[in-house]
Amino acid sequence: NIEGTLGPVSRAVGSSPLMGVAPAWIRHSLATAFATVTGLAGAAYYKDSLMRVWSKGVLTTSAGVAAGAVVATFPRGYRPKATKRKPVRGNGAGLLQFISIAPDGVCTVDVLIAAAGTVDFDFSFLAEQ
């Protein structure tokens, strides 16, 4: 039965952003040290039908934060199986920074971010399998 086998796959691919359906973004619950930069993309995430989690947003920190500061936590089903380290842009300690996403969903900055520094929170990773 081709429909029974391929039907669910076809429907999943057909409803993915890859096929023109707009994603349903979920707002990040940010740690208190961070806020979304007014007028720029709000901090949000979604998971596509291929199990890839996408994050977006431009964040700022008024007082600055040390390396290892928590930015946000991804909920179950939106977490990587192993820690992921993703390059992001910002104007903290350098132009290229890194964000780490742990298997428990905790997302941290890997470098110091100066007061009024920003971080482009744009990255993706494969969700836990």
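The values are calculated or read from the model by the stated rules, or taken from the named source; none is laboratory data. The structure displayed is predicted, hence computed values, not measured ones. Neighbour counts run over all protein chains shown; Cβ positions are idealised from the backbone, glycine included. The accessibility values were calculated without ligands, DNA or RNA, using every heavy atom of the protein model including side chains. Shrake-Rupley method; radii C 1.70, N 1.55, O 1.52, S 1.80 Å.
So the values come out like this:
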read-out	value
Per-region count, the stretch 32-64, residues hydrophobic (A, V, I, L, M, F, W, C) and buried (at least 18 other Cβ atoms within 10 Å of the Cβ)	6
Selection count where residues are closer than 11 Å to Ala69 by Cβ and assigned to a loop (DSSP other than H, G, I, E, B), scope the stretch 95-126	3
Qualifying residue in the stretch 37-54 (condition: over 30 Å from Val9 (Cβ atoms), modelled with pLDDT of 90 or more and either of a type in the set (D, E, K, R) or not in a loop (DSSP other than H, G, I, E, B) (or both))	no
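For every residue, the table says whether it meets (1) open to solvent by less than 70 Å² (accessible area, probe 1.4 Å); (2) of a type in the set (Gly, Ala, Ser); (3) modelled with pLDDT under 95.
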{"residue": "Ala24", "(1), (2), (3)": "no, yes, yes"}
{"residue": "Ala66", "(1), (2), (3)": "yes, yes, yes"}
{"residue": "Pro75", "(1), (2), (3)": "yes, no, no"}
{"residue": "Thr83", "(1), (2), (3)": "no, no, no"}
{"residue": "Leu96", "(1), (2), (3)": "no, no, yes"}
{"residue": "Gln129", "(1), (2), (3)": "no, no, yes"}
